[in-house]
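A quick write-up on the structure given underneath.
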Amino acid sequence: MTKPLRLGMVGGGEGAFIGGVHRIAARIDGQFELVAGCLSSTADRAARSAKALGLTRSYNDYKKMAKAEAQLSDGIDVVAIVTPNHMHTNVARVFLDAGIHVICDKPLSTSLKDARHFADSVSDTAPLFFLTHNYSGTPMVREAREMIRSGLLGELRLVQVEYVQDWLSEAPDPDNKQASWRTNPALAGAGAIGDIGTHAYQLATFMTGETPEWLAADLTSFVPDRHVDDNAHIMMRYSSGARGTIWASQVAVGHENSLRIRIAGTKGGLDWSQEDPNRLWFTQLGGQKRLLTRGGAGTSAGVRIPGGHPEGYLEAFATLYTEAADAIRARANGDPVPAHVLTPTLDDGIKGMQFIDACLKSSAKNAAWVKL
Ligand SMILES: NC(=O)c1ccc[n+]([C@@H]2O[C@H](COP(=O)([O-])OP(=O)(O)OC[C@H]3O[C@@H](n4cnc5c(N)ncnc54)[C@H](O)[C@@H]3O)[C@@H](O)[C@H]2O)c1
């Protein structure tokens, strides 16, 4: 059996959200073992969090962690970065410089300038960098992507994405740590467009294989005294002639984590919702609407468990982790990244930051069209 890769984690301490998801995802296919962490911004919390997870190698400073782990004979192979956005590139740089691969959560940074500066400092021979736009690991998303690539939809015309939530519809409780950094521009960079709009944007580019050329964005902060956007309506023009829109909102009352994408071409259309991730609607022009299911007859999407047993958010995340492991092992053997690895990379991180930057510029000019 292949030995699990040794994983470290920065962020994800007690009370944190996504660190726990990364830990589960890393274990699902048995490809990683968590062995070290700098789990929190304060020393006592970091130590307590490590103890709760049974981690003996606990650090209270990510720089010290990178240095120490790089010197150990059984030091970590890869680090997961699950801190608020403003830390991502600083932490990633330190670990890449120490020869350690990086799996970082999105968005890449708080500004396009910082993201570009970071990307410029990463050489072709640097350790690998992955970004967890987890929805791109969902089997029916990948099925849809293949259907588009094989020409089943014809020439694409419409790309309609919405990612809407309601949990920031009011000023948050100051003790809600997830809400407080997300509404602080210095820590988050942007609001709904950065937090969930970048997922919507990445999903659209991943599925269609096309990147918009122009966009016009109307960003709003509905909640008084909020300094980041909490709602965004964005129009997009593709060089192919296709047209798209993204609606990203955290004040859309009645929606929990409602990510939906509809794509239509000259020959057919697709409709997928992340709250019902095992099902994909497909209609051929003039034909009946068909429901495709994960693992069902006629679908080729990868499965861990037979169709009818739902897979969701955690498994999609796990697919990105397992593909990252495949790429890391290939690199160790001097081989290129295998073709089946679709886990987003630094390029996707830069594209996400270009998207945020263009949205901010457009909205500041009364939703003028801005070239991407
Ligand atoms: N892919 C997804 O679906 C998804 C979902 C949620 C969050 N995220 C991303 O994950 C990241 C974290 O979000 P969250 O909701 O888990 O935030 P969170 O506030 O719940 O957790 C952040 C953690 O980082 C720690 N931290 C902060 N500074 C640190 C430092 N200097 N050293 C070590 N640890 C430090 C905090 O103590 C905390 O444990 C964000 O970038 C967010 O955009 C992605």
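The values are calculated or read from the model by the stated rules, or taken from the named source; none is laboratory data. Here the structure is a predicted model, which is why all the values come from computation and not from measurement. No Cβ is skipped: glycine too gets one built from the backbone with ideal geometry, and neighbour counts run over all protein chains shown.
Go through (1) within 22 Å of D348 (Cβ to Cβ); (2) among the aliphatic types (A, V, I, L, M); (3) part of a helix (DSSP H, G or I) and name the single condition A179 misses.
Here A179 clears every test but (1).
Criterion first (closer than 17 Å to Y321 by Cβ, assigned to a helix (DSSP H, G or I) and within 14 Å of the ligand (Cβ to nearest atom)) does A25 satisfy it? Even if it seems obvious, please write down each step before you answer.
Values: closer than 17 Å to Y321 by Cβ: yes; assigned to a helix (DSSP H, G or I): yes; within 14 Å of the ligand (Cβ to nearest atom): yes.
Here the answer is yes, as A25 does meet what is asked.
When you scan the stretch 156-182, how many residues do you find that are over 20 Å from G13 (Cα atoms) and touching a residue at least 40 places away in the same chain (Cβ under 8 Å)?
Final tally of qualifying residues: 16.
Right, S40: touching a strand residue (DSSP E or B) at 6+ places or on another chain (Cβ under 9 Å), modelled with pLDDT of 95 or more and of a type in the set (S, T, Y) or not? Full working, then the answer.
Numbers: touching a strand residue (DSSP E or B) at 6+ places or on another chain (Cβ under 9 Å): yes; modelled with pLDDT of 95 or more: yes; of a type in the set (S, T, Y): yes.
Yes: the conditions hold for S40.
Take the conditions at pLDDT 95 or above, over 30 Å from E155 (Cα atoms) and either touching a Leu at 6+ places or on another chain (Cβ under 9 Å) or part of a strand (DSSP E or B) (or both) and apply them to R331. Does it pass? So that I can check it myself, show each step before the final result.
Values: at pLDDT 95 or above: yes; over 30 Å from E155 (Cα atoms): yes; either touching a Leu at 6+ places or on another chain (Cβ under 9 Å) or part of a strand (DSSP E or B) (or both): yes.
Yes: the conditions hold for R331.
Within the stretch 39-72, count every residue that is among the small types (G, A, S), buried (at least 18 other Cβ atoms within 10 Å of the Cβ) and closer than 15 Å to T83 by Cα.
3
When residues of the stretch 334-364 are filtered for being crowded, with 19+ Cβ neighbours inside 10 Å, assigned to a loop (DSSP other than H, G, I, E, B) and either out of contact with any helix residue (DSSP H, G or I) (no Cβ under 7 Å at 6 or more places or on another chain) or at positive phi (or both), how many remain?
Adding up the residues that qualify gives 0.
Among the residues of the stretch 7-15, is there at least one that is more than 11 Å from the ligand (Cβ to nearest atom) and either among the β-branched types (V, I, T) or modelled with pLDDT under 95 (or both)?
No, because not a single residue in the stretch 7-15 is more than 11 Å from the ligand (Cβ to nearest atom) and either among the β-branched types (V, I, T) or modelled with pLDDT under 95 (or both).
Given the stretch 191-309, what strands (runs of 3 or more DSSP E) lie entirely inside it while holding 2 or more residues that are exposed (fewer than 14 other Cβ atoms within 10 Å of the Cβ), without any contact (Cβ under 8 Å) to a residue 60 or more places away in the chain and among the basic types (K, R)? Don't jump to the end; show me each part of the working.
Numbers: elements: 212-220, 231-238, 243-249, 258-265, 268-273, 279-284, 289-293.
The qualifying strands (runs of 3 or more DSSP E) are 289-293.
Take the conditions charged (D, E, K, R), more than 16 Å from the ligand (Cβ to nearest atom) and crowded, with 17+ Cβ neighbours inside 10 Å and apply them to R149. Does it pass?
Numbers: charged (D, E, K, R): yes; more than 16 Å from the ligand (Cβ to nearest atom): yes; crowded, with 17+ Cβ neighbours inside 10 Å: no.
So R149 fails the test.
Could you list all residues from the stretch 166-181 that are surrounded by 13 or more Cβ atoms within 10 Å (Cβ to Cβ) and within 14 Å of the ligand (Cβ to nearest atom)?
W167, L168, P172, N176, K177, Q178, A179, S180, W181
Can you run down the residue pairs with Cβ atoms below 9 Å, 6 or more apart or on separate chains, where the first is in the stretch 61-86 and in contact (Cβ under 8 Å) with a residue 40 or more places away in the chain and more than 12 Å from L7 (Cβ to Cβ) and the partner is among the acidic types (D, E) and within 8 Å of the ligand (Cβ to nearest atom)?
Cβ pairs passing all conditions: T83/D105; N85/D105; N85/D195.
Can you find a residue that is without any contact (Cβ under 8 Å) to a residue 12 or more places away in the chain, of a type in the set (K, R) and either within 23 Å of F206 (Cα to Cα) or surrounded by fewer than 17 Cβ atoms within 10 Å (Cβ to Cβ) (or both) anywhere in the stretch 88-106?
Looking through the stretch 88-106, none of the residues is without any contact (Cβ under 8 Å) to a residue 12 or more places away in the chain, of a type in the set (K, R) and either within 23 Å of F206 (Cα to Cα) or surrounded by fewer than 17 Cβ atoms within 10 Å (Cβ to Cβ) (or both).
Could you check, for the stretch 222-230, whether at least one of its residues is within 14 Å of C359 (Cα to Cα), within 14 Å of the ligand (Cβ to nearest atom), modelled with pLDDT of 95 or more and in contact with a Pro (Cβ under 9 Å, 6 or more places away or on another chain)?
Pass one, the stretch 222-230, residues within 14 Å of C359 (Cα to Cα): 228-230.
Restricting the remaining residues to those that are within 14 Å of the ligand (Cβ to nearest atom) gives 228.
Still in the running and modelled with pLDDT of 95 or more: 228.
Checking the rest, the ones that are also in contact with a Pro (Cβ under 9 Å, 6 or more places away or on another chain) come to 228.
Yes, the stretch 222-230 contains a residue that is within 14 Å of C359 (Cα to Cα), within 14 Å of the ligand (Cβ to nearest atom), modelled with pLDDT of 95 or more and in contact with a Pro (Cβ under 9 Å, 6 or more places away or on another chain).
Tally the residues that are surrounded by fewer than 21 Cβ atoms within 10 Å (Cβ to Cβ) and either on the phi > 0 side of the Ramachandran plot or away from the ligand (no atom under 14 Å from the Cβ) (or both), restricting the search to the stretch 73-87.
Going residue by residue through the stretch 73-87, those that are surrounded by fewer than 21 Cβ atoms within 10 Å (Cβ to Cβ) are 73-75, 86-87.
Filter again for either on the phi > 0 side of the Ramachandran plot or away from the ligand (no atom under 14 Å from the Cβ) (or both), leaving 73-75.
Final tally of qualifying residues: 3.
Only one residue in T132, T125, T138 is more than 23 Å from the chain's Cα centre (by Cα), at negative phi and among the β-branched types (V, I, T). Which one? Walk me through it before giving the result.
Numbers: T132 fails: more than 23 Å from the chain's Cα centre (by Cα); T138 fails: more than 23 Å from the chain's Cα centre (by Cα).
From the options T132, T125, T138, the qualifying one is T125.
Scan the stretch 28-40 for residues that are part of a loop (DSSP other than H, G, I, E, B), on the phi < 0 side of the Ramachandran plot and free of Cβ contacts under 8 Å to residues at least 40 places away in the same chain and report the count.
So the count comes out to 2.
Mind checking which helices (runs of 4 or more DSSP H) fall wholly inside the stretch 70-164 and carry at least 2 residues that are in the same structural domain as P185 (by TED's automatic domain parsing), of a type in the set (K, R) and modelled with pLDDT of 95 or more? So that I can check it myself, show each step before the final result.
Working: elements: 88-97, 112-121, 139-149.
So the answer is 139-149.
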